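My structure is below; once you've seen it, I'll send some questions.
The values are calculated or read from the model by the stated rules, or taken from the named source; none is laboratory data. Small disclaimer: the values here were computed from a predicted structure and weren't measured. Note that each Cβ is placed from the backbone with ideal geometry, even for glycine, and that neighbours are counted across all protein chains shown. Quick note on the areas: whole protein, heavy atoms, side chains included, nothing else; ligands and nucleic acids left out. Shrake-Rupley method; radii C 1.70, N 1.55, O 1.52, S 1.80 Å.
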Amino acid sequence: MFAALPLLALPVLFYNFVVAFMVPGGFGSVEANDWMTRQLVSVPMTSGGHWSVTLGDLMTFASLVILFIELLKSTTSQRIAIINHSLSMILFIICLIEFLLSRACSTSAFFLLTMMVLLDVLAGFIVTIVASRRSLDLVN
């Protein structure tokens, strides 16, 4: 049953948790962008520069890793993959509504997260269709 749940819901839930409980003003706040772009760590580089890592950067990186895992999951042609794709579509609709209607979700980090969910939806359906077509070609 857990295989049907889209893993990209985890960073979406994390973002919503941060906005709801850590950012003053919650979802109506414009301070979410400040929270996502606030420097967490500064790493000195051999070139003499400093690499600033923000919460939005960490969340985007973790979301990319999860997107990779989701793409690997979408290569299976089991029935549970169809449920996963449907739930991913619902997650994309939720992300799109949040991005358009919530001030706190109008950040670059959430936009990139929304685009990753969209790519998961598109890739999942395309990979499933191609795999199903190949299965049918092998049977014939």
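Under the rule of -39500 (n - 2.57) per DSSP H run of 4 or more residues, summed and divided by the residues of the chain, what mean residue ellipticity at 222 nm is obtained, to the nearest 500 deg cm²/dmol?
-22500 deg cm²/dmol
Also: Just to confirm, what accessible area per residue do you get for the stretch 9-140 at 1.4 Å probe, in whole Å²?
62
If I build a Gaussian network model for the chain, linking alpha-carbon pairs within less than 10 angstrom, which residue out of G124, G48, G25 has the largest mean-square fluctuation?
G48
At a probe radius of 1.4 Å, what is the per-residue accessible area of D57, in Å² to the nearest 10?
For D57, solvent-accessible area is about 80 Å².
Could you tell me what percent of the accessible area of the chain is made up of carbon and sulfur, with a 1.4 Å probe and every protein chain present? Walk me through the numbers on the way to the answer.
Details: 6320 of 8670 Å².
Roughly 73 percent of what the probe reaches on the chain is carbon or sulfur.
Hey, what does the equivalent ellipsoid look like for the chain, semi-axes from the Cα gyration tensor as sqrt of 5 times each eigenvalue, largest first, whole Å?
Gyration-tensor ellipsoid for the chain: 34, 19, 11 Å.
Still on this structure: Given points 7 Å out from each Cα along the Cα-Cβ axis, report the F68 to L112 separation in nanometres with one decimal.
Result for the modelled spin labels: 1.5 nm.
Report the extension gain between R103 and L119 in nm, rounded to one decimal, defined as 0.36 nm multiplied by the number of residues separating them, less their alpha carbon distance. The partial results should precede the final answer.
On the way: separation 16, 0.36 × 16 = 5.76 nm, distance 2.34 nm.
Contour length minus the Cα-Cα distance gives 3.4 nm.
If DNA, RNA and ligands are ignored and the probe is 1.4 Å, what is the ranking of E70, E98 by accessible area, most exposed first?
Reading off the accessible areas and sorting them downward yields E98, E70.
Cβ under 14 Å from T54's Cβ, T54 left aside: what net charge do those residues give with Lys, Arg +1 and Asp, Glu -1?
Details: positive: R38; negative: D34, D57.
For residues surrounding T54, the net value is -1.
Oh, and also: Would you mind telling me which residue in L96, L64, L13 has the biggest mean-square fluctuation in a Gaussian network model of the chain, where springs connect alpha carbons within a distance under 10 angstrom?
L13
Please report Rg over Rh for the stretch 1-75, where both radii come from the alpha carbon positions and Rh follows the Kirkwood definition.
Numbers: Rg = 15.6 Å, Rh = 14.3 Å.
Taking Rh as the inverse mean 1/r over Cα pairs, Rg/Rh reads 1.09.
Moving on. For C105, what charge total do you get from the other residues with a beta carbon under 13 Å from its beta carbon, if Lys and Arg give +1 and Asp and Glu give -1?
-1
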